[in-house]
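**Student:** Starting off with a structure, shown below.
We did not get these values from a lab; they are worked out from the coordinates using the rules stated. The structure displayed is predicted, hence computed values, not measured ones. Cβ atoms come from the backbone with ideal geometry, glycine included; neighbour counts cover every protein chain shown.
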Amino acid sequence: MAYAAFRSIGAYVPEKILTNDDLSHMVDTTDEWITKRTGIKERHIAADNERTSDMGVKAAALAIERSGIDASKIDMVICATISPDYFCMPSTATIISTKLGLGNATAFDISAACTGFVYTLSIAKAFIESGMKKNVLIVGAEKLSSITDYTDRGTCILFGDGAGAAVISATDNKDEAIIDVHTGADGTYADLLMTPNGGTGSPHDSLDQEAGACFMQMKGNETFKVAVRTLTKDVIEILQENEIESSAIKHFIPHQANYRIIKAVGDALKMTKEQVVVTVAKYGNTSGASIPMAMNDVYEAGELKAGELMLLDAFGGGLTWGSALVPFSPVK
Ligand code: ACO
């Protein structure tokens, strides 16, 4: 049987920084409020002419280079995004694949909001374990600034832009294998976090939207409570099902939405400060890109070594959630 190994990580962070002080001149908020309630200090914003695919390409090129796997061997590209280059088609994955010269690799996007990267991981694992694909490029890329309402202080303080990518490839060595990926969803909470207009469910029932119709709207406080409850249950279950103690996790890399959510889940798992990866202060919430961006920071700091076990968790619009137990397994 083929197993799926997590080979490499890459990320791209746009240059421009939007600080809490900048936001305090745009909406009724303060650096103190944002820092205390979210842990966010600043976020990066893509240039006007920079598309989601442009950021995805930069992250993916690094991931492919670091994997040591020839680009011609990539046979599938999956992009997790809620801010695609185009509303319906072509998919952002197709654009990324073509810009990277990956030939006719299968390419498609998935929509699972902030859980997108964990969903792509589960799909890559399934395709590889079934023998249908050998080397899958997974990308989380977001230009959330393009769907953020900068007059809504409840959301605009949270989101940023960026991209992360990883190469997952087949191995027959079980020690290298991704151990488990959980994914789940519950549409009864759909109204907590949504972009209500622009699709066929839109009250306008038209693609000819009024300005600003596609911005994210969120019931933040309710979302917060469901996030903590759902994530805590899910990460405890994935550890128990795989008979792994939380002390065996070298890097707990949660979706970076809010420091208070990260801390609540980390505390429930009795994680030490050293185990928990926190990048929310500098990137804010980059949705599908947040986990690979955080992982890339650990990698570039020289702190992600072969064989080390990572626990990932994420939660987002849908509602969706997921977690994964992943050893870092670069090609030797
Ligand atoms: N500055 C100042 N005051 C504010 C701001 C702001 N930016 N935003 C809200 N407030 C006010 C509110 O109006 C409210 O005032 P009131 O008490 O007078 O009514 C007060 O602050 C408290 O508001 P809450 O919404 O209860 O604040 P909370 O502590 O819940 O923090 C936040 C809000 C940061 C949004 C938090 O709820 C959160 O992080 N939620 C979860 C987000 C998340 O995880 N989303 C899922 C992933 S995102 C995705 O999938 C794309």
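**Student:** Ignoring everything except DSSP H segments at least 4 long, calculate the 222 nm mean residue ellipticity for the chain; use -39,500 (n - 2.57) per segment, divide by total residues, nearest 500. Mind showing how you got there, number by number?
**Tutor:** On the way: 9 runs with 98 residues, N = 332.
About -9000 deg cm²/dmol.
**Student:** State the extension gain, in nm to one decimal, for the chain segment bounded by Thr272 and Phe87, taking 0.36 nm per residue of separation less the distance between their alpha-carbons. Working shown, then result.
**Tutor:** Details: separation 185, 0.36 × 185 = 66.60 nm, distance 4.17 nm.
Net length gain for the segment: 62.4 nm.
**Student:** How would you rank Met194, Met89, going from fewest to most other Cβ atoms within 10 Å of each one's own Cβ?
**Tutor:** On the way: Met194 16, Met89 9.
Least to most surrounded, the residues fall as Met89, Met194.
**Student:** Tell me, what is the FRET efficiency for Thr19 and Arg260 to the nearest 0.05, using R0 = 22 angstrom and their Cβ-Cβ distance as r?
**Tutor:** Working: r = 20 Å, r/R0 = 0.92.
The computed FRET efficiency comes out at 0.65.
**Student:** Could you give the nm distance between label points at Glu237 and Lys225, where each point is 7 Å from its Cα heading toward the beta carbon?
**Tutor:** It is 2.1 nm.
**Student:** Return the long-range amide H neighbours of Gly284 (sequence gap of 5 or more, or a different chain), with a cut-off of under 5 Å between placed amide H atoms.
**Tutor:** Sorted by chain and number, the residues that satisfy this are Lys41, Glu42.
**Student:** Taking the Cβ of Leu304 as the centre, find all other residues whose Cβ is under 13 Å away and add up their charges (Lys, Arg: +1; Asp, Glu: -1).
**Tutor:** Details: positive: Arg7, Arg66, Lys250, Lys305; negative: Asp297, Glu300, Glu303, Glu308.
Cβ neighbours under 13 Å give a net charge of 0.
**Student:** Moving on to the next point. Looking only at the chain, where both bridge partners belong to it, what percent of the DSSP beta bridges are antiparallel (to the nearest 5)?
**Tutor:** On the way: 39 of 56 bridges.
Roughly 70 percent of the beta bridges in the chain run antiparallel, per DSSP.
**Student:** Which FRET efficiency value, to the nearest 0.05, do you get for Arg37 and Glu129 by plugging their Cβ-Cβ distance into 1/(1 + (r/R0)^6) with R0 = 45 Å?
**Tutor:** Details: r = 41 Å, r/R0 = 0.92.
Using R0 = 45 Å, I get an efficiency of 0.65.
**Student:** Taking the Cβ of each residue in Phe108, Phe315, Phe215 as the centre, tally the other Cβ atoms inside 10 Å and list the residues starting with the fewest. Could you put the intermediate results ahead of the total?
**Tutor:** On the way: Phe108 14, Phe315 30, Phe215 19.
So the residues, fewest neighbours to most, are Phe108, Phe215, Phe315.
**Student:** Hey, another quick one. With labels modelled as points extended 7 Å from the Cα through the Cβ direction, what inter-label distance (nm, one decimal) is found for Ser247 paired with Asp172?
**Tutor:** It is 3.7 nm.
**Student:** Further, regarding this structure: Net charge near Lys250: determine it from the other residues with C-beta under 11 Å of the C-beta of Lys250, scoring Lys and Arg +1 and Asp and Glu -1.
**Tutor:** -2
**Student:** Pop out the ³J(HN,Hα) list for segment 142-153 in order, Karplus 6.51 cos²θ - 1.76 cosθ + 1.60 with θ = phi - 60°, rounded to Hz; leave Gly and Pro as x.
**Tutor:** Each residue's phi maps through the Karplus curve to give 9, 10, 5, 4, 7, 10, 9, 8, 7, 10, 9, 5 Hz.
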